[in-house]
Amino acid sequence: STLDVSVEPCADAGSLLERLDHGAAAILLPEAARLKPAMLAGLKASLSIQPDWSELPVIALTPPDLSPFLEEELRALPGLVLLEQPVTPRTLQSCLRAALRARQRQYRLRDRLDEARRSNAQLHASVQAKDEFLAVLAHELRNPLGAITAAVRVLASSAERPEQFALARDVIARQSDQMRRLLEDLLDVTAVTSRPRSLQRKPQSMRPLIGAAIAAVRTALDNKGHTLQVEQPATSAQVNVDGARISQVLVNLLTNAIKYTPDGGRIALSAEADRAGFVVRIRDNGIGIAPDALESIFGMFAQLAEARERANGGFGIGLALARGIAELHDGSLIARSDGPGRGSEFALTLPIAGFATDDDARDRTSAPDAAIVPDAATATAASPGRRILLVDDNEDSVQALCAVLELNRHQVHCASSGVDALRIAVEQSPEIAILDIGMPDMDGYELARRLRGQVAGGLVLIALTGWSQPNDRRRALDAGFDHHLTKPVDFDQLENLMRDVTSR
Ligand code: ADP
C-alpha cells in the first residue's frame, strides 16, 4: 500500500473487538451493509467507552441502496465517515490519510494529557505537603509567641514586683530563642537538602563537641529526672568537621532521647573509634521505634501528621537535618530499636581524619563544657566601646538593638533612612555601620556604596537582614559589606564581631 500502515483483516465481531483492545489507528468497514447486528452492536459498545482524547475513525463503504435502518445504525458510531460505492482508490486513500492524521493528533493529545495529569498529581502532593508544613509551622510559632505575649503583659504590670519582671524577661529570652532556632532549622534544611552548604571544617577531637552538647541539654535532662551515662572516647582520633554542626546533631539526638523517654529514664552516650570510623552512640530506654518507622523518621515531612496530634510533639525536621549534616561530612546516622517500648539507639559515624599530636593533647583535658558554648560575659568584657551607626527603617528593631549595644557600652547613633544615615556618618564618623537592606528610600546596598565613598578610613560595614541564603550573603559582600548577619541577630555573635573587627 502507498499508505505505510499495517492492515489486519478481522472476519468477525470477536476478532475485531479483540484487535481494538490492542489499539488501532482506524477501522475500515469495506462492506458495511453486510455487517451482522452482533458485530455492529459490539462495535458500538466498545467505541462508546473511549477515553476523552479518543475518537477512533471508522470508514464505512456502503452501497447506494443502503437501508435507512442500517444507515441510522452506522451513523450512531462515533467517528464515522460514510463513503458511498463506487469509491475510487484515490478517494479511499485520501480519506484514510485524513483519518490517520486525525488519529495521530489524538495520540499526541493523549500523551500531553498523561503528562499534565502526572505533573498535576505531583503538584497536588507538594502543595499538600506544603500546606501541612505551614500548618505545623504556624502552630509551632504560635506557642512561643503566646508565651512572649503573656510575658509582655506581665512586664507591663510588674513595676512593683521585680521577681515577676525577671520571670517575664526569662520567658521572652527563652521563647524568642526557640523561635530563632526554629527558623534556623528551617533555613538549614533548605540549605542542607538543596545544596551542600559550605561547612567550616577543621580537624579536631570529638570530646569538646560531646561536652558542649551535653552542657546544652543538661537542664532538659535534669527536668525529666533522667540519668546520663557518658563514656568519652579513649582515643586521640580526630575528625575533620564543622564543630558547631556536629554539636548541633548531638544536641538533637540527646534532646530526642530526653523527649521520647518517660521521666526517670536512662540515657547513655558512648564514643569510640573503630574501623568504620568514629562512632557516637546515644541510647535510651524510652518509647522506642517501630521497625517500619526506623527509616521514615529521617524524612523531612514524615512526622507532620503525627506531630500535629502529639501534645509535646516536635517539628519533625530534626533528624532529617541531623542526617543531612552527617552525610555532608561523609558520615552516616542510623537508628536502631527493638520496637515500641524498648528504647532506641542512634549511631552517628564520622570518618577519622587523623590522630592528635601532643600539642593537641590539652584539647582533651580542657573543660569540655565551655568549649563551644560562647561565653557572652567575657566577650562583652573584652570588647571596648565603639562608635556605631545603626540604620533600619523599623523603629522597634532600631530601638531594641540600640539598647543592647548601649548596654555593652558602645556609642550608638541611629538612623531610619539612608539620607539620615549619610548625614550622621559625616557628623559622627562611626567606626562601624550596621545596615538593614530593605529600606524604602535607599536600600542597604546603595547606602553601603555611598558610605564607602563618603567616609574615609576603614569603616566596617555590617549587613543585618532577614535574608540568609548564600546568594544574599554574596550580594552583600559584593556591595562592599564586610560582614553579613541575619535577623534576629544573635547578640553574642554580634558582640564577638564588634570585638574582632575593631582589633584588626
Ligand atoms: P521531632 O522530635 O521534632 O518530632 P525529629 O526529626 O527529631 O523530630 O524526630 C522525628 C521522629 O522520630 C520523632 O517525632 C519521634 O517520633 C521519632 N524519634 C526520634 N528520636 C526518638 C527516640 N530517641 N525514641 C523514640 N522515638 C524517636
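What to note about this one:
- None of Leu56, Leu29, Leu43, Leu66 is surrounded by fewer than 18 Cβ atoms within 10 Å (Cβ to Cβ), at negative phi and hydrophobic (A, V, I, L, M, F, W, C) except Leu66.
- Annotation: of all residues in the range 268-301 being under 19 Å from Val189 (Cβ atoms) and more than 9 Å from the ligand (Cβ to nearest atom), the one that is most open to solvent (accessible area, probe 1.4 Å) is Glu295.
- The range 287-298 residues that are touching a residue at least 12 places away in the same chain (Cβ under 8 Å) and more than 16 Å from Gly341 (Cα to Cα), paired with ones that are more than 6 Å from the ligand (Cβ to nearest atom) and open to solvent by 30 Å² or more (accessible area, probe 1.4 Å) (beta carbon under 7 Å, 6 or more apart): Phe298/Arg323
- Residues that are exposed (fewer than 15 other Cβ atoms within 10 Å of the Cβ) and in a strand (DSSP E or B) are absent from the range 91-109.
- Taking the range 97-133 as the range and being in contact with a strand residue (DSSP E or B) (Cβ under 9 Å, 6 or more places away or on another chain) and under 21 Å from Ser46 (Cβ atoms) as the test, only Ala99 passes.
- The range 320-344 - residue that is modelled with pLDDT of 90 or more and near the ligand (Cβ under 8 Å from one of its atoms) and, of those, nearest to Ala276 (Cα to Cα): Ala335
- Within the range 243-254, residues that are at negative phi sit with their Cβ atoms under 7 Å from residues that are within 11 Å of the ligand (Cβ to nearest atom) and open to solvent by 10 Å² or more (accessible area, probe 1.4 Å), at 6+ positions apart or across chains, in these pairs: Asn252/Gly318; Leu253/Phe346.
- Restricting attention to the range 198-232, the residues that are in contact with an Asp or Glu (Cβ under 8 Å, 6 or more places away or on another chain), of a type in the set (Gly, Ala, Ser) and open to solvent by less than 30 Å² (accessible area, probe 1.4 Å) add up to 3.
- Residue match in the range 58-79 (condition: of a type in the set (Phe, Trp, Tyr) and in contact with a helix residue (DSSP H, G or I) (Cβ under 9 Å, 6 or more places away or on another chain)): no
- All positions within the range 249-267 that are more than 12 Å from the ligand (Cβ to nearest atom) and surrounded by 17 or more Cβ atoms within 10 Å (Cβ to Cβ): Leu250
- Residues of the range 437-451 classified as closer than 13 Å to Leu477 by Cα and among the charged types (D, E, K, R), total: 2
- Near pairs, Cβ below 9 angstrom, 6+ apart or cross-chain, from the range 48-70 (touching a residue at least 12 places away in the same chain (Cβ under 8 Å)) to any residue that is of a type in the set (Val, Ile, Thr) and open to solvent by 70 Å² or more (accessible area, probe 1.4 Å): none
The values are calculated or read from the model by the stated rules, or taken from the named source; none is laboratory data. Being a predicted model, the structure only gives us computed values, none of them experimental. Neighbour counts are summed over all protein chains in view; Cβ atoms, including those assigned to glycine, are modelled from backbone coordinates with ideal geometry. When the accessible area is computed, the model is the full protein with side chains, heavy atoms only, and any ligands, DNA or RNA have been set aside. Shrake-Rupley method; radii C 1.70, N 1.55, O 1.52, S 1.80 Å.
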